[in-house]
Structure formats: structure tokens, C-alpha cells
Amino acid sequence: MNSNSGKNESGASSEYQENLNILRQIDFFSGLPLEATKVFAYLCSRESCKPGDVIFEQGDEDDRALFIISGQARLSQQTDNAETTIRHYREGDFIGRMTLLGQIRRLFSLTATSEVVCLVITREKFTKALEKFPDLVPKFIDVLVHNIYRWEKRFLKTRTGDCKDCMKIAGVSLV
Amino acid sequence: MGTKKTPVVQKSLFSWVLASNLKIQGFLVFIILITVFARVVPLEMQKRVVNEAINLRRVDLLLIYCGIYLVAVITQGLFKLIINYMQARIGQRALAEMRKELYHHILTLPLGFFRKTQPGLVVASLITELTTSGSFVGMAIAVPVTNILTLLAFAGYLFWLNPLLALISLSIYPLVLFLVPMLQRRANEQNKRRVDATRVLSGRIAESASGIHEIQGNGAFALENNKFDHLVDKLMNIRVVWTLYSEGIKLLNNFFTNLSPLLVFSLGGYLAMTGRLELGALVAFLSAQEKLYQPWKDLIEFYQVYQDASVSYGRTMEYFNLEPEHELAPSDRKPYDLEGSLEVSNLSFTVEGGIRLLNDISLSLKPGEQLGLVGFSGSGKSTLAQCIGQLYKYTGGQIQLGGKEVADLTKKDIINNVGFVSQSPFIFSGTIEENLLYGCMASSEGNGAKGDGTIPSLDDIIAVLQQTGIFIDVLRFGLNTILAQDRDQKLVETILRVRTNFQRRFGQELAEYVEFFDENRYLFFSSVIENLTFGTSNRQAYETEFIADNPEFVLLLERFQLSLPLLSLGIRLAEQTIDILGDLPPEEFFFEQSPILPDELDTYRQVVARTKKENLNRIGPKDRTRLLQLALRFTPGIHKMVALPEVLESLILNGRAMFREKILAEDPEAFTFYENSGYIFSQTILNNIFFGKMKSTNPRAQEKINQSIVHLLIEEDFLETIVEIGLQYQVGSKGDKLSGGQRQKLAIARMLLKAPRVMIMDEATSALDNKSQTRIQNLLETHWKGKSTLIAVAHRLDTIKNFDRIAVLKAGKIGEIGPYDELIARKGLLYELEFGKK
């Protein structure tokens, strides 16, 4: 993995301005006042990976959220002796809202399956910036809650009949 | 307590006068006697000039008397200088002694004292409050002796001239002597209040400074300002009243002493008219009487200094008048070499208000056993650890270390046998090495056996660094060091050899993480100025900080057609940065990716405001320089708010070639250009090995690079040297240049280096990441088990699973104690801590 060179091909807009445009597409940041979004965009960095690079690993105390600018990555879960692919992430996906708000260990691994460029913000940077905009905390929580709620709603709707066991642990939105 | 000298806090102010160098004081008195004599002589000469020389019209006598007068005046002045010098010496020496002794005393005071005492108060006491006492000691003999003698001499002279007049003019002084102390008592009251108010104020300042993150984080400016302003006003009022009283005393004194010439005039005038007094005698009398005034004023002032000093001194010493809870070192034996066994029986610890923090705790450990202390917060686990480490004096029961009662041990015994690491260990400003050796130095010092082999070797240090996992941090500090120009040649040569090997071995592999210095390419991780000069300046005027101010250089930029493009780059950088960061507090953190430094934010805000509507050509010269400075700092790989225009990129590359040509032609010594075969003194060791700069700060990239570098350094047998350089890294005040994890690792390394019989760790690994935590846990379980007894307070249970015993505390009592598996199987308190309520 490697952060991008500072070179800008078009010569027109800076990496920061591109970051700003990207953040305004992500639900987590889109509702914020511009002055806060600017600071977040400024604090973001770029990382690029080659196919096969591990972006984060199960068990890591990784503290980053990432937005995939280009490329694809595979999410997997390792049990004692088997690895299960959960799903694929691609351009435009944003991962890690929870990691920004609290210290948790990764329960999954993410591996690049093609050249991947992503936008990254670390919890440290996010938290430090958030301290300067304390009014925004409820907004972030609200977005997170709705994300979890939508996730479970979708889960309940799309679950197939044969997954009786899944239902036993349903109710993540009730935590 | 031993039979030692009186503690400093119980010494009287006068004892310092006696303790000062009495020989000097004696010499002082001798000089004073001469001075007093020299003061009376001019008066007599004055009289003789009038009465003898003028009356008898004898020019020779006039010359002689004037000559004697002159000599007397010169002697007086000269001696006054000597007196002042010696006074200052005595005073300053006494002050220094007072400060040292009080400081030494304060360091031994019980921890509880510091919990309720603000550091600012200690600072104020040591720095400000003692100064008057110092001046007092300086004055204590010289001033009263000089002035009383002078007074007596003049008074005697007056009586000799005319007893009646003398009696009348001196009659005023007893009245003053009666009134002054009355006023002084009130001044003293105010002075006491002043000392207290100053103390509160300094405490508040220190508190705000150390809690500044909370204040800025919560935006509590108004709140803090109010508190502070209120205290300042209070102090101001007290000082006004105090000054009023002090000045009042002087005023009163002036008033009465000014009255006495009036008496002399009226009575002396009458006597002269009636011919009972010579005119010369009256003149002399008046002069002599005027001379009474100065010594008298000095005496009153001395009296005031004495009063102020005794108030501040008394108030200060009284505050610190506590005894240390434990003796520092045994007076009649060598410090114990204790066995690592621990026996706690019926221990209790009660604090003010009858709150029992620990209640009836009993447990025992054999040497080398490991005990984990767990429990919910507030259960007393840290308190127990601190009691065992003698940081708190327990109030009931016993703690025995190696069969000796902890309460009866001296600090020295504890220091030699116990290592303590707290959750937020204190790191002192200085180098990493100094901090590592702190424990060893402290325990070997004063033993009488300094340097008795207790100072660990570099190998020991490196072993401990590796064990605690701080090795890689120290290595990185070493690699990030910029060597001084005069560093020895061999080191430089080795680094150059490592560079060659690095390029051969890893050049390809790490190419994506490192941007190599390449004369023909623009370097995105180097600044514009580095890109332009592509070298290190050997002339101050060409150094990065000054170059924007260097007219020659500015002219060059003009010639390279870089002036305007750089100026507009500067403007865009300033505008964008101010737009993003303008409203944030100037904290270092937010400015890591900014070309503007935190303390320049205001300046550039103003520059932006001024230049906003201006045409480029009409920007003032000062703003031009500032904007140019910003543009020259611009490093596209770090400062992402602006993109480097491609035109500028090629212009700078052209400029690079032209600049080099010009320098080589005109002043080849001025720059050392980057060359693969030469060391670059303006860059870090790492950049020198790379012959380039690292592109990514990503931890994975870092790790990969670390691995390669360590590999290479080992092969070159160069690792130790770099670590040695890294050990000299300055950690900043309170270690603020280290991360929380690094501070904890350093503190643990510090303890392990001392290899104490008993180790106490109070949540000592809480700031470490999993890997480091596991590493230290393994180290303790494999390397130290059986060697040192370990008592570890743990927040996370997985770190103590393999300990011999775990004690679960609840509300100051031991709820259960035993090995992990046993307790979990019992499904009691530990089970609840681990898995939540059943």
C-alpha cells in the first residue's frame, strides 16, 4: 500500500478538493456544514494497494474508515480452518463508520482483488476534528443508527426461509 | 526519625544570617566602621573651611581641607560599592541555600501532600516568596550596623557641637519609633494575605496550563478567564492596601524627620543671632542633621524588609512544614537486600472522612510468584498496589516484603528492591537513555558506591529495549536524526556504504515507498526550495529560513521566471489553508499537513486579507516575502490543499539546472548538491540511506521498510550505532514527543533494567496495542517468572490469565483469590468481570 504521489494530472483541482467532493457523496459526511467537511477532507489521505494486498485483517485493532475510489476488494471471515468470502466492495463503497466512533477489533479481513485506491481517515484524526465541532456528534450518531437500522431491515426482508438460525440472533438494531 | 540536623522548614530566618559566612560578615563590619568615619570627616572639613580657612583667609588651609574632603568622599563611595557587592553575595548565597534545602525537603514529602498542592504553588514558593528573605540575610548585619553606627556618630558629633540643639533635634525619633511598628503590623496582615493570594493565583495558572486541552476542548475560555480575573483583582486589592501601608510608613517617617530642621533653624538661628553659636557651627550642625536623615530612612526600610521577609518566610516554611512519611536512607545500616516474598495481613487504609479504601486484606506471595489484581474501577486495586510500593502509608494491618514491615523500611530500601510502573508514568525531559537509566542511577547514587557496576551496559539496554518492544521506536529516532556537520567521518562513510547496499538489495522492492533523489525529476515529497537547489546550503543567507529574504536569490527567481508563478502559488496556499484551518485552534496536530505553522496562522490570515483584492504586482514587499516563503516550503506530497501546476514543475526543473550552473561558476563552496556518492547533512540518516524520502506514513509500509532497514543494518553491523544515536533522542518536556504507548514501554524498560526483586505494575500496559501487550505479557511469564515477584493491576483480564494467582477486589476487600481457571469455574466475581452478569 502506498499513498499517492502529490502529482495532479489535470492540474485543475487539488487532492483536497477531490476529497471534498467525495466526502459530500458519503452519507456519513454529506449532511455536515461545509466548514467541518473541509477539515475532514483536509485530514483524509490516499492509499493505494496492489491486487492481493491486505487492507485490514481480522483481529486487527485497525482505526481507519475507507472509501474506495477505484478498484475492488473482497471481505472475508476466517474461522478455525476455513475462510468464507462474505461480499465484495467496489468503487463508491464506504467502510468503517463504527471504527471512527469507537475502538473495536476487525471481525473480517479486506483484501484488494484489483488495483485499489481509497480515501482513508483515521479515528485519531476524526476524533480530534470532531472535538472542534462538538455540535456534530449527534449527527454522526444519527447516521450510524440509521445505517444499522436499514441494515437489519434489509436483513429481515431478504433472508431466505431456510436460515432459521439467523433469526435467533436477529435484533442488532435493539442493542 | 534519625538524629539529623533541623529540617529546613523549622529553621528561623535568623539562622540563615548565622549560617552565612561569618568571616565575610566580620570583614563587612570592619569596612563599615571605616565608612562611618569617612562620613563624618567631610562635615568637620566643612566647618573648618568656614571657620578657619575663610575667616583667616588662608588659601593653603582651604586646599588641604578640600583635599581631605575629596579623599573622604571617594573612600566612602568606593567602600559603599564593596559593601553592596558583599551584601549581594551573602544574600544571594543564602537565597540559593534556602531554595536548595527547601526543594530537597519538598521532594521527600508524602504523595498525599502533592495531591492537594498545585505545582504552581511550589514554584511560587521557591522562586518568588524566598527572594525577600535572601535580601534580608544579605542586609541583616551590614545595614543595621552601618546605619546605627552612622546615626550614633552623627548624634555624637551633634552633641559635641551643641548639646542643647542636639537634644531637641533628636527628640523626634522616639515618636517615630513608636508610630512605625503600629502601621507595620497592619502592613504585615496585608502581606500575609498577599502571600496566600499569590499562592492561589500561581496554583490556578499551573492548573490551566496543564489542563489546557480540556479548556480548549470545552471552549471554557470565559469560565477560566472569570476565575482568573477574579483572583487577580483580589490580589490587586490586597497589594494596593499593602503598598498604602508600606508607603504610609515612609511618609510618616519623612514628615517627622523633615520637622527637625525646622526646630534647629528656629532655635539655632536665635542662638547665632545672640552670639552663643558660631555661624560655621550652625552650618555644620544643619549639614550633620541632614545627614541623619539617610541612615534613619535606611533603617526604617531595613525594618520593613525584615518584616516582609519574616512574613513570607514564615508563611512559606509553615506550608511545607511536614515530615516525610518514610526516612530516606537508613542511617545505621546498609540498605536491605530483600527477598521477594510478600505477606499482607489484615491490611486497611482509611483516608480523611473515615472512608475505607482498603479493608481487611490478607494475601501472601512466595518469591517469584505473580499476582494479578483486578476489579471494577474504585475497587481499591491500584490503592493496594500503591500501599505495597510504599506510595501510600497504610493505616492498619501489615505488609511485609521479604519479612520486613514496609512501613518501617526507608525509601532507599524500597528503591533498591521494588520497581513501580504506574499507568501514566512520568517521563523526564532529557534523552531516552537518561530516562532508561533513571532508576539505576537513583539507586546506585548516594550508596557510597557510585558506579559499582550497577550502570547497565549498552548490551543490557538493547536487550531490554527489544524485550519491551520499544527497540523499533528508538531505532526510528536514530534513523530520523540529522547528523551534525562535524560528526566523525567514519560514521558518514558507513552510512554511505549502507546506502549503496540498500540500493542494490532493496532499491527495486521499496521503490514504491521511497521517492529517490533524482536530478532529472521533480520530487513530490521534497519542498519547492529543495527541488530548486537540490542541495544543502553552506551559507546562512541561502538556508531555507532566510532564502526568501535574500535579494540575490529573489533576483535569481526573477531570472528563472519563477517569481510570479511562485507568488501566485503562495497566495493560493495561504488562501486555501486559511480557508480550511482558519477557525481551528492553533494546535500542532491540525498543522501536520499544512505549509503554514500554527503560530503563523494570524500573520497569514492578515496577509490573505490584504492581498485578496490586490493585483499581484502591487503586493507589498513584506507580504511578498511571506508568500514566497510559503511557496518555497510547499511539498505537494504532504500539502494536498493545492496541486502543483505542471508549468511550475518544469520551470523549477529548468531552474534547478540553471541554479547549479550559477553556483558552480560563482561560488562552488556555497552549496553541496545531492549526489549519490556524498552525504547530505541537511537530511536525516534514513533519507541518506534511501538517498530519497519516504512517501507513505502508512503503518504497513513503515513496517516493511523497517524490516528491510533492520536487516541491512544488522548485516552492516551498524544497528547498535543507530540505536545509540536513537538513545540520545530528546523526549521533550514530560516526554510529550513520545506517544502514550512509547511512554509506557519506556517506563517498563526502565523498571526491567533495574531488575528489582519485586515489580509492581499499575495498569502499566493500558496504552499499548495488542501486539506490544502480548509481547510484554510473554516476557513477564517466561523471563521474569520465578525471578521477580510481580504484582500487576490489570484492566484487561487476558493479560493475567497465566498468573499464579488473581485477586478480585470489590469495595476495598478481596472478593476472591486463586488461579484464573479455578475462579472462572467457580462462576463468581471474576466470571462476572469477564463475561458480564449471568
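The values are calculated or read from the model by the stated rules, or taken from the named source; none is laboratory data. Values in this document were obtained by computation on a predicted structure and should not be read as measured data. All Cβ positions, glycine included, derive from the backbone under ideal geometry; neighbour counts span all protein chains shown. Just so you know, the surface numbers come from the protein's heavy atoms only, side chains and all, with ligands and any DNA or RNA stripped out. Shrake-Rupley method; radii C 1.70, N 1.55, O 1.52, S 1.80 Å.
Observations on the structure shown:
- When segment B:674-696 is filtered for residues that are within 19 Å of B:I482 (Cα to Cα), within 14 Å of another protein chain (Cβ to nearest Cβ) and assigned to a loop (DSSP other than H, G, I, E, B), only B:K695 remains.
- Residues that are of a type in the set (F, W, Y) and under 33 Å from the mean Cα position of the chain (by Cα), drawn from segment B:274-315: B:Y306, B:Y313
Per-residue answers, yes or no, for (1) crowded, with 18+ Cβ neighbours inside 10 Å; (2) not assigned by TED's automatic domain parsing to the domain that holds B:A53:
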site: B:I249; (1), (2): yes, no
site: B:F265; (1), (2): no, no
site: B:R276; (1), (2): no, no
site: B:W296; (1), (2): yes, no
site: B:G314; (1), (2): no, no
site: B:T350; (1), (2): no, yes
site: B:R356; (1), (2): no, yes
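- Top-ranked residue of segment B:787-797 - restricted to ones that are modelled with pLDDT of 85 or more and part of a loop (DSSP other than H, G, I, E, B), ranked as nearest to B:N417 (Cα to Cα): B:S788
- Against the list (1) part of a helix (DSSP H, G or I); (2) away from every other protein chain (no Cβ under 11 Å); (3) open to solvent by 40 Å² or more (accessible area, probe 1.4 Å); (4) of a type outside the set (A, V, I, L, M), the condition B:R700 fails is (2).
- Selection from segment B:328-353 of residues that are at positive phi and of a type in the set (G, A, S): B:G353
- Looking across segment B:154-207, the residues that are of a type in the set (G, A, S) and either open to solvent by less than 30 Å² (accessible area, probe 1.4 Å) or touching a His at 6+ places or on another chain (Cβ under 9 Å) (or both) come down to B:A155, B:A166, B:S169, B:A187, B:A197, B:S202, B:G203, B:A206.
- Residue within segment B:573-580 that is without any contact (Cβ under 8 Å) to a residue 24 or more places away in the chain and either under 22 Å from A:K38 (Cβ atoms) or open to solvent by 10 Å² or more (accessible area, probe 1.4 Å) (or both) present: yes
- Residues of segment B:43-73 that are among the charged types (D, E, K, R) and either on the phi > 0 side of the Ramachandran plot or assigned to a helix (DSSP H, G or I) (or both): B:E44, B:K47, B:R48, B:E52, B:R57, B:D60.
- Checking each residue in segment B:569-596 for being modelled with pLDDT under 90 and small (G, A, S) picks out only B:G582.
- Any hit, segment B:824-837, residues being part of a strand (DSSP E or B) and touching a residue at least 60 places away in the same chain (Cβ under 8 Å): no
- B:L738 vs. criteria at pLDDT below 90, outside any helix (DSSP H, G or I) and closer than 14 Å to B:L475 by Cα: yes
- Residues of segment B:644-679 that turn out to be more than 22 Å from B:F516 (Cβ to Cβ) and under 43 Å from the mean Cα position of the chain (by Cα), as a count: 2
- Failed item in (1) open to solvent by 50 Å² or more (accessible area, probe 1.4 Å); (2) not assigned by TED's automatic domain parsing to the domain that holds B:V808, with B:P324 passing the rest: (1)
- The residues of segment B:516-555 that are under 29 Å from B:R700 (Cα atoms), of a type outside the set (D, E) and surrounded by 17 or more Cβ atoms within 10 Å (Cβ to Cβ), listed by number, are B:F517, B:Y522, B:L523, B:F524, B:F525, B:S526, B:S527, B:V528, B:N531.
- Per the conditions (1) surrounded by 22 or more Cβ atoms within 10 Å (Cβ to Cβ); (2) touching an Asp or Glu at 6+ places or on another chain (Cβ under 7 Å), the sole criterion not satisfied by B:G741 is (1).
- Residue within segment A:20-43 that is within 30 Å of B:Q773 (Cβ to Cβ) and either modelled with pLDDT under 90 or within 13 Å of another protein chain (Cβ to nearest Cβ) (or both) present: yes
- Matching residues, segment B:617-657, being crowded, with 21+ Cβ neighbours inside 10 Å, within 8 Å of chain A (Cβ to nearest Cβ) and among the charged types (D, E, K, R): B:K640
- In the set (1) more than 14 Å from every other protein chain (Cβ to nearest Cβ); (2) under 14 Å from B:L566 (Cβ atoms), the condition left unmet by B:K612 is number (2).
- Any hit, segment B:595-607, residues being assigned to a helix (DSSP H, G or I) and over 38 Å from the mean Cα position of the chain (by Cα): no
- Subset tally (residues that are open to solvent by 60 Å² or more (accessible area, probe 1.4 Å) and out of contact with any strand residue (DSSP E or B) (no Cβ under 6 Å at 6 or more places or on another chain)) for segment B:706-728: 7
- Unmet criterion (only one of (1) crowded, with 21+ Cβ neighbours inside 10 Å; (2) at pLDDT below 80; (3) out of contact with any Leu (no Cβ under 7 Å at 6 or more places or on another chain)) for B:A142: (3)
- Test result for B:L252, among the hydrophobic types (A, V, I, L, M, F, W, C) and touching a residue at least 12 places away in the same chain (Cβ under 8 Å): yes
- Within segment B:331-368, the residues that satisfy the criterion of being over 18 Å from B:E405 (Cβ atoms) and not in a loop (DSSP other than H, G, I, E, B) are B:T350, B:V351, B:I355, B:R356, B:L357, B:N359.
- Some residue of segment B:74-91 being of a type outside the set (A, V, I, L, M), assigned to a helix (DSSP H, G or I) and under 27 Å from B:A197 (Cβ atoms): yes
- Residue list for segment B:765-791, restricted to those being in contact with a helix residue (DSSP H, G or I) (Cβ under 8 Å, 6 or more places away or on another chain), over 17 Å from B:D473 (Cβ atoms) and open to solvent by less than 10 Å² (accessible area, probe 1.4 Å): B:L790, B:I791
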